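First up is the structure itself, then whatever we jot down about it.
Please treat every number below as a calculation from the coordinates, not as lab data. Just so it is clear, the structure is predicted and the values come from calculations on it, not from any experiment. Cβ sites come from the backbone with ideal geometry, for glycine too, and all protein chains shown count toward neighbours.
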Amino acid sequence: MKFWQRAQNAGFKIPELPTESRERTFPDTNCVILDGKLVASLIADQCKELGKGRKQPKLAAILAGEDPASQVYVGSKGKSFANVGFASETILIPSSEASSDKLIETIEKLNADVSVSGILLQLPLPNKMDEAAITARIKREKDVDGFLAANMGLLAIGNFKDTFLACTPFGVMVLLAAYGINPAGKNMVVVGRSNIVGKPMALLGISADSTVTVAHSRTKNLPEICRNADILIAAVGKRALITKEFVKPGSVVIDVGIHRDENGKISGDVAADVRYIASALTPVPGGVGPLTIAMLTMNTALAAWN
Ligand code: NAP
């Protein structure tokens, strides 16, 4: 498995799931629950175990402005790091002080700090700052989000020993592997072409020998294209867009979307009726979300160790 090369070099293994977990289905269906929360916890266990006697990985998160969702994300990342014995610090920059110069100066300091293994610049940035230009100042070797052009480029040319993979698609690949779903020779349809999910997901699919189709908002006949998928990955950001009419019977469906309604209930891009058609599906919550944080933890370990 090419995508796993760097992790393997540091001693990580694809998590092995107990048979009863691999066979657990959504109620009244034959559709297997792809339990991202479980796989994430097994990755966390490995981070803890492999960390013994090694340099302590440390994440520095820069949180500029007062976006409430960003505060929640950065807080939960900090907890996950503490749980595995890794260090993390958050550098808070109020929006009144947040300028490009200030952020670049902060990044440069963290680039030079040998105790910091990974740097995370929480997006969105306030004050209409140029996010791409500021993110680009992070040292490639500390880009544990895998967002830099240099790391995306290494992924594109298949250099898996040096790149950092973007955490969400990396998590999807680990989930498929943990459930024994081999993408080789399968039709993979990725709905969404963002730089952080859709594009790296498509590149990872290609590297795993899938035949990949990428769909987006200008795609014609989306249901028909999706019905061609053996592995359908929804990273659209539109609640319940993917209904059973988009799904080939027996296919594997991965729901990357996260939507919170007015009561705080979380759901995804995939509608509830898909579980009656698919052979396996990620739940939301408890699917791809926890894996994204687990892969950030692992990437920070990889930055510290190899
Ligand atoms: P994004 O940057 O908004 O990209 C959405 C993509 O979906 C775009 O490529 C867009 O096409 C496409 N799209 C939008 N409407 C469409 C439609 N009706 N039909 C077909 N394609 C359509 O979003 P993102 O950052 O990739 O995130 C996608 C979703 O995943 C969001 O719900 C986000 O919250 C979630 N997410 C979850 C995690 C996690 O850890 N689980 C991590 C990251 C993101 P165009 O390019 O043509 O505009």
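Quick look at the values:
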| read-out | value |
| --- | --- |
| Most mobile of Ala40, Ala202, Ala132 in a GNM of the chain (Cα contacts under 10 Å) | Ala132 |
| Dipole in debye (nearest 20) - segment 241-306, about Cα centre, beta carbon charges: Lys, Arg +1; Asp, Glu -1 | 160 |
| Centroid-to-centroid separation of segment 222-239 and segment 13-82 [C-alpha atoms, Å] | 25 |
| Efficiency of FRET between Asp130 and Asn9 - r from beta-carbon atoms, R0 41 angstrom, step 0.05 | 0.75 |
| Label point distance in nm, Lys265-Lys244, each placed 7 Å from Cα along Cα→Cβ | 1.9 |
| Inter-centroid distance (Cα atoms) of segment 251-306 relative to segment 163-209, Å | 13 |
| Net lengthening on full extension, Ser100/Glu20 (0.36 nm per residue, minus Cα-Cα) | 23.7 nm |
| Cβ-Cβ FRET estimate between Glu108 and Lys79, R0 fixed at 30 Å, reported to 0.05 | 0.60 |
| Electrostatic dipole magnitude of segment 62-183 [Cβ: Lys, Arg +1; Asp, Glu -1; Cα centre; debye, to 20] | 340 |
| Mean separation of Cα contacts under 8 Å, 6 or more apart, over the residue count of the chain: relative contact order % | 23 |
| Cα coordinate range in the chain, projected on the principal axes (Å, largest first) | 53, 43, 40 |
| Selected from Ala272, Asn151, Thr25, residue furthest toward positive end of dipole (the chain; charges at beta carbon) | Asn151 |
| Considering only segment 165-289, percent of DSSP beta bridges that pair antiparallel, nearest 5 | 10 |
| Extended-chain gain in nm, criterion 0.36 nm per residue less alpha-carbon gap, Asn159 and Thr211 | 16.7 nm |
| Fully extended contour minus Cα-Cα distance, from Ala272 to Lys55, at 0.36 nm per residue | 73.7 nm |
| Distance (nanometres) between label positions extended 7 Å along Cα→Cβ at Val72 and Ser41 | 2.2 |
| Farthest toward positive dipole pole in segment 46-152 [+1 Lys/Arg, -1 Asp/Glu at C-beta], among Ile104, Ala69, Gly118 | Gly118 |
| The chain: angle of helix 198-207 to the longest principal axis, Cα-based, in degrees nearest 10 | 70 |
